[in-house]
Each structure stands twice: as C-alpha cells, then as structure tokens.
Amino acid sequence: MATHDESSLTAQLNQAIAERDAALRELAELRRQLAASGSAPSRPAGGSAQPFDQVFRVMVESLSDYAFYMLDTEGRVVTWNRGAERIKGYSEAEVIGQSNEIFFTAEDRAADKPRRLLAEAREHGRVEDLGWRLRKDGSRYWADAIITALHDSQGRLTGYAKVTRDLTELEHLEREKIEALEQADVLKDQFISILSHELRTPINAITGFGSILDDEVAGPLSAQQHLYLGKILDGAETLLALVNDLLDLSRIQAGRFQLNPLPFDFPQLVTEKLEALEPIAEQRKLRLVNEVPRDLPLLAGDAQRIGQVLINLVNNAIKFTSAGGSIRVRACLDGAQLRCEVIDTGIGIAHEDYEKLFKPFTQVDMTSTRQAGGTGLGLAISKSLVEAHHGQIGVESEPGKGSTFWFTLPLSPDAAPPP
C-alpha cells in the first residue's frame, strides 16, 4: 500500500481550505457590492460599463473547483455553476428546482440532516459540514460544504448560498496513512514479541553457564577472572530485564496481560523492594528512606506487579539522582485508596515533558538518559500496571529540584479500618 508524508498531506489540506476561504471572501465582497449598488451598472477600470450581476455571474462560473449554487427558502436549487456540474454530475437543466436533498446520502436524509443544516444556517448565519455526498451516478465523495443564509434589506430570509469542495482525494490519503500506521504498529508488536522470546534462550545460557563458572564448578578462577565474569553476568541480567520489559509491553498492547489480584501487605512489599535495591543505591552513594507507615490496611491487587511498579519508580529515581542525594518512599490513605510517592533529589523534569514520560520508548533530555541508561519502557509499563488496578499515576517536578512520582491503588474490600 502506498503511504504519504504527513506534512505533505497537511499542506494539501491547508491549501484547499485557504483556496476555499479566498473564494468565499471574493464572493461575499461581490455580493456586498451588488447589494449596495442595487444591480446598477458600474464602470470598471477600463471604462466600459456592464451590469454588476453579470460580473458576479462570470465570477461564479469561473470557480470550476467549487460547487457554488443558491437555494430558495425551501432548499430548492435556483442557480448552478460549472463547478457544481463538474463535482456533482448534474446539468443545470436537470437540477434547477430540485431539492438539495438529492445530494445527501440515504442515511443523512433519514437523519433529517439537509433540513437541520439549513435551520442551523438560518439561526447562526452560516454552517460548515464535512461528510459524504452523492453524485448523479450514485457514487460518494467527501465534501466540505458551507451554507450561508441570505437576507434582504429588511432582514427577511431570501434563500441560501452553498459552496462545496470535493476533498475525496485527501480523505483517501488520510485513510491510507492511518491504515499504514496501524499495519506498522501490528508488525512492530509482532517483532517485539518474537524478538523477546528468541532472546531469552541465549541469555539463559549465558547466565546459567556463567554462574557455573563463577561457582568454580568447572575449576578454580583467579580474582581477575571472577571480576570479568561478574561483569558478564551483570550485563546478562540487564539484558534479561530489558527482554522482560519488552515482553510485558507486547502482552499489554496485545491485550494478553492478566493480573492475579489478592489482598496484600503494602508496607511489607515496600520493605522487600527497597532492601533489594539498597546495594545499587549504596554503589551510587544514595540514601533510600522508607517512610511508609506499618499500620496501613491491606491493598487489593497483584503484589508482584505492584512490586514491579515500585522497582521501576525507585530505579528511575536512582538513575537521575546525583551522589549524595536521597530517594524517599511515602504512603498515606486518600479516601478509599492508598497514595504512594517516590520522592528524589534528582535533576527534575520540565512541565512540558510530563506527557512524554509515560509513553513507550520515549525519554526526555536524551543526553542524561543515555548516560543513565534505560529504554523508556519502565514508566510506560508502570502506567499500564497501575491503571489495570483502577489506579492513577503521575509526576510533580521542577528542573533542578527533584521529582515526585506518585500512584494510587484501591484498598482491599477486606481491609481492616485504619487505626
């Protein structure tokens, strides 16, 4: 399927709208002058006189890219130009006196759309409508139509002016672009899923045999060999975490993601996850502070997945906090839900970058993220996990003053009331 550049498509649409608006302005000015002159002869720059209504008609006839025609107060066609004949397929003799309902689809006629559009133009002065219209041969085209109510000098309704532009080609281009993007998205998800599964086998082989060597099952190793082997195992562990993130993301996007919700002790979960991350924090000279009260009621959810959210948020804070800083984890009750906050003293985030944070493969400030590592999947997965628990997730931050990532979770129906 052919695809089209989005900017080119937008430029074509903008040009079509600009041309239409320019034609409408010219027609409106001519009509104003006609009304002011009472159709009296006027003398153009060349000096020859000719009736203004003739000039007006010639101008209208020249608009071959637009269907321009007039309707009486009942919606019947009273004038017809060359553009209308080209777009709609009717000759002037065939269409004069016909109701403009013949240009609408059966669905629109059943919904009384022709009458409603005239009523709206009568009430507001003009109305614009995008939708399908019918040609004489029964084929459809995508139309941009403007209907303007016309009044005499006493303010009485005398009819309507209607200008229509055929935008079928642009509509087809837009549909092709959307279909191509959807197909690319499906192929991307399939590729990620296949790649993730295929990568697990060699990674498991690296970690398995690497652990055997590190345990000196196959023979003694020197201190330097243990050091090198440790770096290999660390790299394999990092790669495995990335593969797991890719698998989680592909399952979430494919709708194959499932939770195992049970009541669980949130303070205990926080303690376990912070203890697991303590060595990483110490290595970067950071303080992990657990400020979660021990007497919180039970939560309803998948403890493993909520633990994954905590790991992602705290890991993220560790990556972007300089040595000597701190990461605090807090929690409190907020009505029938619990609110957890991960507060760091890191580099902070600009407000305009908030929306980028929770999108897959999206990172802000690429210089710092490349130094810290990561793929931009952790926050996107965390958002999906929290929302799957009927909670919310967000961030409050300011550059240079740290960040607070927060999420909410519902309390378990069996939760004991807080003391």
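The values are calculated or read from the model by the stated rules, or taken from the named source; none is laboratory data. Values in this document were obtained by computation on a predicted structure and should not be read as measured data. Heads up, the Cβs are rebuilt from the backbone with ideal geometry, glycines too, and the neighbour counts pull from every protein chain shown. These area figures cover heavy atoms from the full protein model, side chains too; ligands, DNA and RNA do not enter into them. Shrake-Rupley method; radii C 1.70, N 1.55, O 1.52, S 1.80 Å.
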At 37 °C in a medium of viscosity 0.692 mPa s, the range 236-363 has a Stokes-Einstein diffusion coefficient, with Rh taken as the Kirkwood radius over alpha carbon pairs, in µm² per second, of 202
Find, among the GluC sites (Glu not before Pro) in the range 143-187, those assigned to loop by DSSP (not H, G, I, E, B) with at most 10 other beta-carbon atoms within 10 angstrom.
none
Given a Förster distance of 22 Å, report the FRET efficiency between K136 and T73 from their Cβ-Cβ distance, rounded to the nearest 0.05.
0.35
Hey, rough spin-label estimate for L259 and R86, points 7 angstrom out along Cα→Cβ, what's it come to in nanometres?
5.9
With Rg from the Cα atoms and Rh as the Kirkwood inverse mean 1/r over Cα pairs, the range 184-245 has an Rg/Rh of 1.17
Theoretical gain in end-to-end length, A276 to E352 [0.36 nm per residue, Cα-Cα removed]:
24.0 nm
Can you list residues whose amide H is under 5 Å from L167's amide H, if they're 5+ apart or on another chain and H is modeled 1.01 Å from N?
W142, A143, D144
Semi-axes of the equivalent ellipsoid for the range 114-169, please: Cα gyration tensor eigenvalues, times 5, square-rooted, ordered largest first, whole Å.
26, 10, 9
State, to one decimal in nm, how far the label point of Q304 lies from the label point of Q268, with both points 7 Å from Cα in the Cβ direction.
1.7
Scan around Q337 for amide H atoms under 5 Å from its own, H built in the peptide plane at 1.01 Å from N, and keep only partners 5 or more places away or cross-chain.
L411
Carbon and sulfur: what percent of the range 75-142's accessible surface (1.4 Å probe)?
46
Between T105 and L187, what FRET efficiency follows from the Cβ-Cβ distance if R0 is 30 Å, with the result rounded to 0.05?
0.30
Which value in nm describes the separation of the simple spin-label points at Q15 and D112, placed 7 Å from the Cα toward the beta carbon?
4.2
Toy charge model, Lys and Arg Cβ at +1, Asp and Glu Cβ at -1: the range 239-290 dipole around Cα centroid in debye, rounded to 20, equals 200
From the phi of every residue in the range 71-83, what ³J(HN,Hα) in whole Hz does the Karplus formula 6.51 cos²θ - 1.76 cosθ + 1.60 yield, where θ is phi - 60° and glycine or proline is x?
10, 7, 5, 8, x, 8, 6, 10, 9, 8, 10, 4, x
Estimate the FRET efficiency between I194 and A388 by the formula 1/(1 + (r/R0)^6), using the beta-carbon distance for r and 22 Å for R0, to the nearest 0.05.
0.35
Averaged per residue, what accessible surface does the range 203-345 expose to a 1.4 Å probe, in Å²?
53
Which of V243, A184, L213, positive extreme of dipole for the range 181-250 (C-beta unit charges)
L213
With N residues in the range 64-180, what two-decimal value do you get for its Cα radius of gyration over 2.2 N^0.38 Å?
1.09
Protein-only accessible surface order, largest first, of T404, T201 at 1.4 Å:
T201, T404
Extension gain (nm, one decimal) between R175 and Y228, 0.36 nm per residue minus Cα-Cα:
13.7 nm
For the range 76-150, what does the accessible surface come to per residue with a 1.4 Å probe? Please give it in Å².
50
Label-reachable residues, the range 235-250, where backbone N falls under 18 Å from a point 7 Å from T201's Cα toward its Cβ:
240, 243-244, 247
